[in-house]
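S.K.: To start, I am sharing the structure in question, which I have written as structure tokens.
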Amino acid sequence: MQDAFSKRVYRLLLLTASLPVLIFPLYWMTVTAFTPRDALFRPPYEVIPTRFSLENLNELLSATQFLGFMQNSLIVASGAVLLSVSASTLAGYGISRFKFRYKRHFMAGALWSYMFPPILLAIPLYLIFSKLELRNTYFGLILAHVSLSLPLTISIMQQYFSIVPISLEEAAWVSGASRFRALLEICLPSALPGMLSAGIFAFALSWNDFAFAFILQTDVRMYTLPVGLATFVEQSAIHWGLIMASSALISIPSFALVIFFQRYLTGGVKRR
Amino acid sequence: MVAVEYESRIAKWTWLSAAIGPALILLVVVAYIPIIFAIGLGFYYRSAFDDAITWAGFDNFYWLLRQPGLWAALGKSTIFTIGSVSLQIAIGLFFGLLLNEVVRGRAVLRSLVILPYLLPTIVVGLVFRWILNPQTGIVNQILLDIGVISAPINFFGGLDSAMPAVIFATGWQYSSFAALLILARLQTVNPRLYESARTCGAGTWRCFVDVTLPNLRSTLLLIALLRGVWMFNKFDLIWIITAGGPLEATETLPIYVYKIAFQEFDFGRAAAACTVMFAILCAFSIVYFKIFNPTKEIEVGR
């Protein structure tokens, strides 16, 4: 008993020592985002603040290009999700339902491209897209982001389809349904949770991407949020209150993602 | 799979190409063609100012290998990769073991551990620049208040402190990857192993060394490889925080390559540098697999 108790105390001590390091940066981001201007320009700061204001958020949404960047981010992320999920759903179906010779090569090839250095992809994409006039377009960046997410979404969908039993489809074929109808009415609905997780990952990769957007989008009107935020730091008119407010806003999908990730890890999504 | 046999071969191939085709085309267009293009480009002169490309043979590579900058960047990359991966594994091990022990509140704790990994890199970069700011950063303020330091530290601006500070930021963001994989592995370790170790008189430390670590071997090796590759390729976080500075204190290979391409506007040389980077990665991965073979599991009396 004594031993178990001291172990618990020990664990509690470890936790209280380590958690602040984990949480503090995010805590301070949130605090800064809500700190009124006058307090912001007069350090030292109160570590546990007493005054809050929405000044920074108001200014961010009215006086900066934040909303424009956000619109770009949303358009690109939606495109990347659409393209990545539809291509990988089809591919997952193909891989799990057909035998073919180069199946293993295809899957290994998809996974291998996951190891490519992004900078190694970005330079040729910059040149190719310049030639095709795809730079500073939504479609170009969508394609670049698909290169990030596709290897992952293909493997998610392939795993998912291999869980969906083929016997359901066979039953449909026996009762006269074409392969197309069986795919549409039986296979796809049961693969929906897999598509959801693939879509969420594709969204996160596109939403979070800095490197490709930074290299490919050179026109300020086409900047996505991460690139736009990076330029905020260089603008003297924009202070840290605004930067932290925008950082907090752009992190919101990540918080939602954590909740989803929890379910994914505990098997709630995978084994349904 | 039997039912597939009933369809004609033509129908099967139509279906198969319709299913695999889009993904295959996308992969080739957005990943494989650019890679081949980049490797090929290393053998040409190609500046950003005109479209003309002329055959250069190995000139770009000769030029590159004579640059002290390349070797300096390779050194920085090595320090950064080893430092960051070790830190990630250390923190990951810490939280993995802790999460494995904690029963109440595990879900909440796990969420907190995952969160940094899922944040946009730009957020991590900017938040660290803000809290470690030499003038107005809260960390310096707290350290000054407690009296640990007498003058503010310029974490990202100091020649000696920039690299450790950047490594710390990557450790903060990416340790959750290691923590989750380690936790998943720990939960499959047979508790009987610990019981029998205990009955043989092993303490906590011996249990860790003789039971936990051997069971974690393949997981740790895999984490080290994957994180090593990704950290070696890391561009965004370093660029956002220091852009390779101060001077060249944090100029790793990806930053070096970026500067050749987009500040010196020499795409041929940049592509050659990329190719060198890629070759180092491939060679490293192959040697790593040969030596450690992370897929091999050490069986402990199971």
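S.K.: So, restricting to helices (runs of 4 or more DSSP H) that lie completely within the range B:204-302, which ones have at least 1 residues that are under 28 Å from residue B:187 (Cβ atoms) and in contact (Cβ under 8 Å) with a residue 12 or more places away in the chain?
M.R.: Passing ranges, in order: B:204-207, B:213-232, B:267-292.
S.K.: Please indicate, with yes or no, whether at least one residue in the range B:269-284 is under 18 Å from residue B:78 (Cα atoms), modelled with pLDDT under 85 and not polar (S, T, N, Q).
M.R.: no
S.K.: Report, by residue number, each residue of the range A:39-87 that is charged (D, E, K, R) and more than 14 Å from chain B (Cβ to nearest Cβ).
M.R.: Of everything in the range A:39-87, those that are charged (D, E, K, R) and more than 14 Å from chain B (Cβ to nearest Cβ) turn out to be A:51, A:55, A:59.
S.K.: Mind listing whichever residues of the range A:211-249 are assigned to a helix (DSSP H, G or I), of a type in the set (A, V, I, L, M, F, W, C) and either free of Cβ contacts under 8 Å to residues at least 60 places away in the same chain or more than 9 Å from chain B (Cβ to nearest Cβ) (or both)?
M.R.: Scanning the range A:211-249 gives A:212, A:213, A:214, A:216, A:220, A:222, A:230, A:233, A:242, A:243, A:245, A:249.
S.K.: Do you know which residues across the range B:109-143 are more than 7 Å from every other protein chain (Cβ to nearest Cβ), surrounded by fewer than 20 Cβ atoms within 10 Å (Cβ to Cβ) and not in a helix (DSSP H, G or I)?
M.R.: Matches in the range B:109-143: B:134, B:135.
S.K.: To continue, here is another question. Determine whether the range A:265-272 contains at least one residue that is under 23 Å from residue B:124 (Cβ atoms) and buried (at least 21 other Cβ atoms within 10 Å of the Cβ).
M.R.: no
S.K.: A further question follows. Can you name the condition, by its number, that residue B:51 falls short on among (1) modelled with pLDDT under 90; (2) surrounded by fewer than 16 Cβ atoms within 10 Å (Cβ to Cβ); (3) in a helix (DSSP H, G or I)?
M.R.: So the condition that residue B:51 fails would be (3).
S.K.: Does the range A:174-187 contain any residue that is closer than 30 Å to residue B:242 by Cβ and loosely packed, with under 15 Cβ neighbours inside 10 Å?
M.R.: No: zero hits.
S.K.: Taking the range B:246-263, which residues are touching a Lys or Arg at 6+ places or on another chain (Cβ under 8 Å) and of a type in the set (S, T, N, Q)?
M.R.: B:250, B:252
S.K.: Quick check: anything in the range B:144-154 more than 24 Å from residue A:210 (Cβ to Cβ), at the interface with another protein chain (Cβ under 9 Å from one of its Cβ atoms) and part of a helix (DSSP H, G or I)?
M.R.: Yes: one or more hits.
S.K.: Just give me the residues in the range B:155-175 being away from every other protein chain (no Cβ under 14 Å) and under 21 Å from residue A:23 (Cα atoms), in sequence order.
M.R.: Hits for the range B:155-175 are B:164, B:166, B:167.
S.K.: With a cut-off of at least 3 residues that are at the interface with chain B (Cβ under 7 Å from one of its Cβ atoms) and either closer than 30 Å to residue A:215 by Cα or acidic (Asp, Glu) (or both), name the helices (runs of 4 or more DSSP H) lying wholly within the range A:110-191.
M.R.: Once the helices (runs of 4 or more DSSP H) in the range A:110-191 are filtered for at least 3 residues that are at the interface with chain B (Cβ under 7 Å from one of its Cβ atoms) and either closer than 30 Å to residue A:215 by Cα or acidic (Asp, Glu) (or both), what remains is A:118-131, A:138-163.
The values are calculated or read from the model by the stated rules, or taken from the named source; none is laboratory data. Predicted, not measured: the structure shown is a model, and the values here were computed from it. Ideal geometry is used to build each Cβ from the backbone, glycine not excepted, and the neighbour counts take in all protein chains shown.
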